[in-house]
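Below: the structure, in structure tokens.
The values are calculated or read from the model by the stated rules, or taken from the named source; none is laboratory data. Everything numeric here is computed off the predicted structure, so don't read it as measured data. We place every Cβ from the backbone using ideal geometry, glycine too, and count neighbours over all the protein chains shown. Surface accessibility is based on the protein's heavy atoms, side chains included, excluding ligands, DNA and RNA. Shrake-Rupley method; radii C 1.70, N 1.55, O 1.52, S 1.80 Å.
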Amino acid sequence: MRKQIVAGNWKMNNDSKQTKALLDELLAKRPQSTNTKIVIAPTFVNLQQAVEQAAGSNIIVAAQNMHQAESGAYTGEISVGMLKSINVNTVILGHSERRAYFGETNSILAEKVKTALKNNVTIIFCFGEELADRQSGNHFNVVETQLREGLFHITEEQWGSVVLAYEPVWAIGTGETASPEQAQEMHAFIRSLLRDNISSTVAENTSILYGGSVKPDNATEIFSKPDVDGGLIGGAALKADDFLAIVNAK
Ligand code: 13P
């Protein structure tokens, strides 16, 4: 059985106090015996307090990014070792906002992937097409290229530490979600790429999350699709009740 996962990407929201308050509420109201893995990704400066606060619970704390180098003269950046030293063992890589606003290319992401996996850090690898790609019918090609250039260089064993997150850019923060059929169609395509290029075991075992305007009122329908193994949630992850309703929908 593939892991079912609901992850909240808090992006650049919540200061230290707000992080504590939201996590307190999540801890108080979370389902304690769910098979769904619950992940939250607060901003870097609040990771350590979140790890300490969530210790012993079933909430996993992840980072939103990391640098590809293990150390060195990269002012303002965060290394994999720094994350591991505060017990953060999961990282989101390749979010479309990192790609669009911070110049993260497929080849930079390939380096980040290598560094994370070498250090036994689990990756939530994001990718997805822009609106123009979908309108021109190029969305399958774009997704295939992002995966081939950013991720397909890893060993078969390393796939055990990879979660995929398909996030069509046109659905992020727009309130317009992909239809359950569009999500299923793309997820099935991604799984077929894994089957054809890696192995049928990896295809069967890799969790593929959908992200882009998932809300409590559309989560159940999207999550009911056979190749959708959970979600990566932005805006709705900032309210405990909404996020937990989405967790409970998986
Ligand atoms: P929204 O849920 O706000 O559309 O954001 C999705 C996202 O980017 C998660 O990484």
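Based on Cα contacts under 8 Å between residues 6+ apart, segment 122-205 shows a relative contact order of 36 percent. Per residue, segment 1-108 exposes 51 Å² of accessible surface when a 1.4 Å probe is rolled over the protein heavy atoms with every protein chain present.
Legend: calculated FRET efficiency, THR201 to LYS20, from the Cβ-Cβ distance at R0 = 45 Å, rounded to 0.05, equals 0.65. For the peptides 124-132, 69-77, the ranking by packing is 124-132, 69-77, with the highest mean count of neighbouring Cβ atoms within 10 Å listed first. Of the cross-linked pairs LYS3/LYS29; LYS37/LYS118; LYS17/LYS239; LYS3/LYS239, those separated by over 20 Å at the C-alpha level are LYS3/LYS29; LYS37/LYS118; LYS3/LYS239. The modelled label-to-label distance for the pair PHE152/PHE189, using points 7 Å beyond Cα in the direction of Cβ, is 1.4 nm.
Note on ASN141 and LYS84: the model spin-label points, each 7 Å out from Cα along the C-beta direction, lie 4.0 nm apart.
Within the chain, what percent of beta bridges assigned by DSSP are antiparallel, to the nearest 5? Among the beta bridges of the chain, antiparallel pairing accounts for roughly 0 percent.
Stokes-Einstein diffusion of segment 113-250 at 25 °C, 0.890 mPa s viscosity, Kirkwood radius from Cα pairs, rounded to a whole number: 160 µm²/s.
Cβ-Cβ distance of GLU52 and ALA100, R₀ of 25 Å, FRET efficiency by 1/(1 + (r/R0)^6): the value works out to about 0.15. For segment 66-111, trypsin sites (Lys or Arg not before Pro) are listed when DSSP marks them as loop and at most 14 other Cβ atoms sit within 10 Å of their Cβ; the list is empty. Of the solvent-accessible surface of the chain, computed with a 1.4 Å probe over protein heavy atoms with every protein chain present, carbon and sulfur atoms account for 48 percent. When Lys and Arg each count +1 and Asp and Glu each count -1, what net charge do the other residues less than 15 Å away from PRO31, Cβ to Cβ, add up to? Within the 15 Å Cβ shell, the charges total +1.
What does the charge count around LYS3 come to, taking other residues whose C-beta lies under 10 Å from its C-beta (Lys +1, Arg +1, Asp -1, Glu -1)? Neighbour charge sum, excluding LYS3 itself: +1.
Average accessible surface for segment 210-250: 35 Å² per residue, computed with a 1.4 Å probe over protein heavy atoms with every protein chain in place.
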